[in-house]
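First the structure, in the form of structure tokens, and then the observations on it.
The values are calculated or read from the model by the stated rules, or taken from the named source; none is laboratory data. This structure is a prediction, so every number in the text was calculated from the model and none was measured. Positions of Cβ are generated from backbone atoms using ideal geometry, with glycine treated the same way; all protein chains shown enter the neighbour counts. The protein model used for the area step is the full one, side chains on, heavy atoms only, and it has no ligands, DNA or RNA in it. Shrake-Rupley method; radii C 1.70, N 1.55, O 1.52, S 1.80 Å.
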Amino acid sequence: MSQQDPLVVFTPSGKRGRFPVGTPVLTAARQLGVDLNSVCGGRGICSKCQITPGYGEFSKHGVTAKEGALSDWNAVEARYDEKRGLKPGRRLGCQAKVQGDIVIDVPPESQVHRQVVRKAASARVIEMDPATRLYYIEVDEPDMHTPTGDLERVARALKDQWEIAQITCAFPVLSRLQPVLRKGKWAITVALHKTTKDATPQIIAAWPGLHEGGLYGLAIDLGSTTVAAHLTNLDTGEVVASSGIMNPQIRFGEDLMSRVSYAMMNPGGDAEMTRAVREAINTLAEEIAKEAQIDPSLILETVFVCNPVMHHLLLGIDPVELGQAPFALATSNHLNLTARDLDLTTLPASAQIHLLPCIAGHVGADAAAVALSEQPGKSDDLVLIVDVGTNAEILLGNTTRVLACSSPTGPAFEGAQISSGQRAAPGAIEAIRIDPVTKEPRFRVIGCDKWSDEDGFWDETAATGITGICGSGIIEAVAELRIAGLLDPSGLIGSAAQTGTDRCFAEGRTNAYLIHDATAEGGPRITVTQGDIRAIQLAKSALYAGARLLMDEMGVDVVDRVVLAGAFGAHISAKHAMVLGMIPDVPLDKVSSAGNAAGTGARIALCNLAARAEIERTVRQITKVETAIEPRFQEHFVAANAIPHATDPFPELGKVVTLPVVGFNTQGDGSDGGRVRRRKRG
């Protein structure tokens, strides 16, 4: 391969390489270790290797993909499309051949190790007061002597039998109302929806006779990397199914600003991203209904929470203004729409859509949902709430005042842009411990409760193998390297001579640490490289700097407790987060998990109409701190690059872990750089 060969970039893995013209995409994927499925061996029979090519300017990847970057649609693809159908824009990886620089997205269904989105619904008591309710009524038959329409007699029945003074009717329901009434022999069940407590209710669905099939809603946390949904029974509040998929917009950029840049540089790019995410939501709604074994027509309400860029792209609004000061939103208020407005064709056209309000230009409805779930403004002590994701949302407050900011952590915490990184899926290393004496690792993978040094581990993981390392795993790995003395405070990995273990090996001008090597059996070689350390340092520094900025604004040096929310909340070890320097120092028993707090807030808003009004009031009382224009952010960011931190004393950390004072030189002469000197921090 030469530098003139086309560059192929795969998302969401971020893996890239140059390949000669005519190389099948499937071949390129295999050579790079990209997770692209194929059962038929590339014969164009199984269709497991479907991919989505992206065209345009991808500044994040340094790629401009032009039309013709892949070979033309061929007879094999045409035959498969005719018989079984391919989604628009999809190609078969075994048939499409590389002709030029190209960005290729591997959708979740084409991945061998399909993602497990770990944003499960938290157990939560919610007072049920849904915006949509069912009413059974018996309607007068039409009478030639009293010429009133069917809808008017339905309205009269609701007034007489339920004391509902006025109603309106969604047009899609009105167009089907007459056959429903006659099929039910003038007895029907209607679903009435109110946008506010005092609003006139609207008929959004109707069934003949007594409807006993239930009524459901979706609470959707639309994140930069994952889309998580909770299908909820609107009568009981029970979550009957939870599911999630990758956000397909990743192929346009892993972080939010990359997507804004894509929209700026590619005419129609915003519409392209809007179309992609709406299609994903349609797929997710269909899959979650199938999982719960219900008809999607019974899903009559959806509440969305998302960051401002995702908010605009969901609505079909160009996010360009969010990419430059003063970061103006098209609207920050809550919105009430219908499924038809957003082209959510899996749901009934009259199904109601509610978007929670955004707090400010870079702090969105997801942060508002966290505030609704965790109630920092009602806390007597000072609580720091960190919703960790590709874009971290941070809240700090008590009964006196609540502050909020957003911090661009990037995708490293989710396993992206990590050499052996992957999404959370069976076979991914999710936890690791390194013996400080022997420097040997032991680890646990998703799908198996045993550690790798326990009996039965290798038998139980034989089916999945050890496939890579996910977000929680890489965080623990970096922290463990620091605890074991293999990593110095600046984040430099020592050599084998400096650390006393051959697991540290030279990789170019830097060193890496070997966790697991299965190349002899045809498996992967899983390492932590110096580049991985740097990616984690950048992500954790942004997170910590955001928190410190809020503390500065509040005029405090310490907080009373920390709540970790988001996909990591239930999976990150508080000790490792503190060793890494992700969060300010507090006693470990004051660090708790809120699970998917944004999703919980969405469920509260879905199940309780009054909560929507409450969060509307609350967000107007939150003070927004803009990290993008605050000079102190950079100062805190630079200091936070050290592990744990260059200036924070971390007195509590010294009570639970001894950190070695190490300093590795880069001369390759084998000197220990002070490795034998140790002290306890604090």
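Details
- Test: residue in the range 522-541 that is in contact with a Ser or Thr (Cβ under 7 Å, 6 or more places away or on another chain), of a type in the set (D, E, K, R) and surrounded by fewer than 20 Cβ atoms within 10 Å (Cβ to Cβ): yes
- Note on the range 299-384: enclosed strands (runs of 3 or more DSSP E) holding 1 or more residues that are open to solvent by less than 30 Å² (accessible area, probe 1.4 Å) are 299-306, 352-355.
- Residue in the range 416-435 that is in a loop (DSSP other than H, G, I, E, B), of a type in the set (Asp, Glu) and within 25 Å of Thr519 (Cα to Cα) present: yes
- Residues being of a type in the set (Ser, Thr, Tyr) and at pLDDT 90 or above - total across the range 388-419: 2
- Residue within the range 188-207 that is of a type in the set (D, E, K, R), surrounded by fewer than 24 Cβ atoms within 10 Å (Cβ to Cβ), free of Cβ contacts under 8 Å to residues at least 40 places away in the same chain and not in a loop (DSSP other than H, G, I, E, B) present: no
- Look at (1) open to solvent by less than 20 Å² (accessible area, probe 1.4 Å); (2) at pLDDT 90 or above and you find that Gln178 fails only one, number (1).
- Output for the range 567-593, where each listed residue is farther than 22 Å from Ile474 by Cβ and either basic (Lys, Arg) or in a strand (DSSP E or B) (or both): Lys590, Ser592
- Selected residue (criterion: farthest from the chain's Cα centre (by Cα)) from residues of the range 231-261 that are under 21 Å from Thr409 (Cα atoms) and in a loop (DSSP other than H, G, I, E, B): Gly253
- Within the range 262-281, the set of residues being within 20 Å of the chain's Cα centre (by Cα) and either among the hydroxyl-bearing types (Ser, Thr, Tyr) or open to solvent by less than 20 Å² (accessible area, probe 1.4 Å) (or both) comprises Tyr262, Met273, Thr274, Ala276, Val277, Ala280, Ile281.
- As a summary of the residue check, Glu553 satisfies the conditions (1) farther than 26 Å from Gly427 by Cα; (2) of a type outside the set (Lys, Arg); (3) open to solvent by less than 30 Å² (accessible area, probe 1.4 Å); (4) touching a strand residue (DSSP E or B) at 6+ places or on another chain (Cβ under 6 Å) except for the one numbered (3).
- Selection count, the range 473-520, where residues are farther than 23 Å from Ala642 by Cβ and assigned to a helix (DSSP H, G or I): 4
- Leu26 passes every criterion in (1) in a loop (DSSP other than H, G, I, E, B); (2) buried (at least 23 other Cβ atoms within 10 Å of the Cβ); (3) not aromatic (Phe, Trp, Tyr) apart from (1).
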